[in-house]
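Values quoted throughout were computed directly from the atomic coordinates according to the rules given, and no laboratory measurement underlies them. Here the structure is a predicted model, which means the values were calculated and not measured. Virtual Cβ from ideal backbone geometry, glycine too; neighbours counted across all protein chains shown.
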Amino acid sequence: MIYGQLNRRPTVHRSTSQHQLTQWQHAITAGNQAFAIGDSDSAHRAYLYGLSLAQSLLRDSRIADNAIAALVTTYHNLADLHQRAGHLDLAADQLCAIHRQLMRLADVGALHNAAMHHQRRTQLELMRFIAEHPQYGHLIQTLGMSHAQGILH
């Protein structure tokens, strides 16, 4: 990590972020390819690596929208992987985790707009999941999405 000369706080330079974003894209592509051929273990490993990269991208507010899009995509890919394997609880956990994380990130000034923009996508995915699996209807209240209840019924 490179440190600024005056404040000695870590700074992330665009080239580092761009490199990490490229690595994330490669990890997700590899995961998607493994998912497509039914190699769940390889897909899971690639998505977890992608998740760690996406989390690190949040440090650079200049690419906030890309970082949050990467984070949302990765969590949703993990949810799809778990859902395909029949692990609905794990799929629900992934969908809830990203939605809650975006709710927290919306409180961070530099990430607010991007978090709010992508939060709509996480709400839609949760509503789709709940519509397909009504036994998870309690997630609406858990995530403070009571306005969504009317859409599902």
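Starting with the highest mean, order 87-95, 106-114, 33-41 by the number of other Cβ atoms within 10 Å, averaged over the residues of each peptide.
Working: 87-95: 18.2, 106-114: 14.4, 33-41: 12.8.
Per-residue mean Cβ counts within 10 Å order the peptides as 87-95, 106-114, 33-41.
Can you list the trypsin sites (Lys or Arg not before Pro) in region 12-79 that are in a DSSP coil and have 15 or fewer other beta carbons within 10 angstrom? Write down the numbers at each step before the final one.
On the way: sites: Arg14, Arg45, Arg59, Arg62; in loops: Arg59.
Taking region 12-79 and a limit of 15 other Cβ atoms within 10 Å, the loop trypsin sites (Lys or Arg not before Pro) found are Arg59.
What's the local net charge at Met103, with K and R +1, D and E -1, over the other residues with C-beta under 14 Å away?
On the way: positive: Arg100, Arg104, Arg120, Arg121; negative: Asp107.
In short, +3.
Testing the spin-label approximation: label points 7 Å from Cα along Cα→Cβ at Gln18 and Leu124. State their distance in nm.
With each label placed 7 Å out from Cα toward Cβ, I get 3.0 nm.
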